[in-house]
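The values are calculated or read from the model by the stated rules, or taken from the named source; none is laboratory data. Predicted model, so just to flag it, every value in this text is computed and none were measured. Using ideal geometry, Cβ is built from the backbone for each residue, glycine included, and neighbour counts are taken over all protein chains shown.
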Amino acid sequence: MSLEERLVPPQTKAHASVARVPEAWYVVAEAKALGKKPIPVTLLGVPMVLFRTHSGRPGALLDRCPHRNVPLSAGRVEGEHLVCGYHGWEFDPDGQCRGIPGLVSTAESERGRRAIAWPAVESDGWIWVWASNDVPPSGPPFRFPELPGYAEARRTVLAPGTMHATLENALDVPHTAFLHGGLFRTAKKRNQVTAVVRRYHDRAECEYLGEPRPSGLIGRLLSPSGGIVEHWDRFFMPSIAQVEYKIGTETHFVVTSACTPVSDFETRLFALVQFRTRMPGVLLKPLLEPFARTIFAQDQKMLGLQTETIRRFGGEQFESTELDLLGPQIWRLLRDAERRTVVEPSADGAPFYEKQIELLA
Ligand code: FES
Ligand SMILES: [Fe+2]
């Protein structure tokens, strides 16, 4: 063995948990961020322009004018069309070219004048794009919970990790006592709880039983008197992570995050936090804000380090234990979808996989 071979760590097989699932709706922007001006977004590595016609209909086109390849996001909206900023070609949300200023003859074929388009809709305060333009949408987008009377906050952050790593991070309990030590859980004061993991044809979930109120600052702030905790972590194909906490009868928290693959190693998190506590939302919101920011920043940093390391070693080599409750289930569902393996729901609604484990949380 040469000296070099002895010094260089063994190269991992060139594998990364990247699953590209185009036949799905993804959140690409907060609805209120899409006004009169078109905005550029990237979905699965594809640059798109997002715009809203005067009647309110959203459109998503390839961000490249078919005429001379200027980004359409540098154009403007007029009526029901997006108008390119260079020569003024006009496109409707289906990509159809509806006007060319100054053109009198119509002898040439109009086929090449189309802009590539993706289905786009507004739902639950988000703009969603169906990432495939050859397979039509199989149904409407995932619905965010409707919780009347709850306080709400929305937040968008860019995570430097794969969609899988970001989803796993959002639903991973064991890291909270370390990375976010003291905020949520504390490493020293742990309690034995039971977790039940289930995987269905289109989702996976983890239910925690016997969990006492989290001992960290946030737990004490939310529910000073303690109480029985109901805690669920859920994943919905292909991009939604949801954490639900109920503490006693007064405190209820649901954080739903759409984790959109901007590119293979960049994921944008569009999160909706909904909560009801004894303390009015207007008072609690500013108190929680710095915690949320710290937690997101810590996760962001760790995902960045993970991505960097995987790149440096030319691939990943993950060694999981039972504590990695949802990551492997999420990967299984994503990989099946990427390979277009059709998984039908089970006839009796029973999960395909169910496992109960004991852990210290
Ligand atoms: S480049 Fe868009 S109209 Fe000419
Ligand atoms: Fe985290």
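Observations, loosely collected:
- In summary, strands (runs of 3 or more DSSP E) completely within the range 101-176 and bearing 3 or more residues that are crowded, with 21+ Cβ neighbours inside 10 Å and of a type in the set (A, V, I, L, M, F, W, C) occur at 126-130.
- For first residues located in the range 92-112 and within 15 Å of ligand 1 (Cβ to nearest atom), partners that are at pLDDT 90 or above and of a type in the set (Gly, Ala, Ser) and lie 6+ apart or on another chain with Cβ distances below 7 Å form the pairs GLY95/ALA115; GLY95/ALA117; PRO101/GLY88.
- Enumeration of residues in the range 274-288 that are in a helix (DSSP H, G or I) and touching a residue at least 24 places away in the same chain (Cβ under 8 Å): GLY281, VAL282, LEU284, LYS285, LEU287, LEU288
- Of the strands (runs of 3 or more DSSP E) lying entirely inside the range 37-100, those containing at least 2 residues that are under 20 Å from GLU122 (Cα atoms) and either assigned by TED's automatic domain parsing to the domain that holds SER123 or not basic (Lys, Arg) (or both) are 39-43, 46-52, 58-62, 76-78, 81-83.
- Residues that are hydroxyl-bearing (Ser, Thr, Tyr) and closer than 20 Å to LEU158 by Cβ within the range 272-295 comprise just one, THR294.
- Taken together, the residues in the range 35-52 that are within 16 Å of ligand 1 (Cβ to nearest atom) and among the charged types (D, E, K, R) amount to 0.
- Verdict on GLY315 being among the small types (Gly, Ala, Ser), within 23 Å of CYS206 (Cβ to Cβ) and either more than 22 Å from the chain's Cα centre (by Cα) or not assigned by TED's automatic domain parsing to the domain that holds ARG203 (or both): no
- Test for LEU183: is it farther than 18 Å from GLN329 by Cα, crowded, with 16+ Cβ neighbours inside 10 Å, at pLDDT below 90 and within 10 Å of ligand 2 (Cβ to nearest atom): yes
- In the range 224-239, residue nearest to GLY210 (Cα to Cα) [restricted to those that are in contact (Cβ under 8 Å) with a residue 40 or more places away in the chain and surrounded by 20 or more Cβ atoms within 10 Å (Cβ to Cβ)]: ASP233
- Qualifying position, being hydroxyl-bearing (Ser, Thr, Tyr) and away from ligand 1 (no atom under 16 Å from the Cβ), among SER73, SER55: SER55
- In this structure, ALA165 does not qualify as more than 29 Å from GLN306 (Cα to Cα) and not acidic (Asp, Glu).
- The single residue among PRO137, PRO145, PRO174 that is at pLDDT below 95 and either of a type in the set (Asp, Glu) or more than 16 Å from ligand 1 (Cβ to nearest atom) (or both) turns out to be PRO174.
- Only one entry in ARG276, ARG332 is touching a Ser or Thr at 6+ places or on another chain (Cβ under 8 Å), among the basic types (Lys, Arg) and away from ligand 2 (no atom under 16 Å from the Cβ), namely ARG276.
- Every condition in (1) within 19 Å of the chain's Cα centre (by Cα); (2) of a type outside the set (A, V, I, L, M); (3) under 22 Å from GLY56 (Cα atoms) is met by GLU146 except one, and the failing one is (3).
- Scanning the range 244-264 for residues being surrounded by fewer than 21 Cβ atoms within 10 Å (Cβ to Cβ), closer than 20 Å to ALA204 by Cβ and within 13 Å of the chain's Cα centre (by Cα) gives a total of 1.
- Residue check, VAL70 away from ligand 2 (no atom under 16 Å from the Cβ) and free of Cβ contacts under 8 Å to residues at least 12 places away in the same chain: no
- Within the range 245-280, the residues that satisfy the criterion of being within 20 Å of ILE127 (Cβ to Cβ) and of a type in the set (S, T, N, Q) are THR256, SER257, THR260, SER263, THR267, GLN274.
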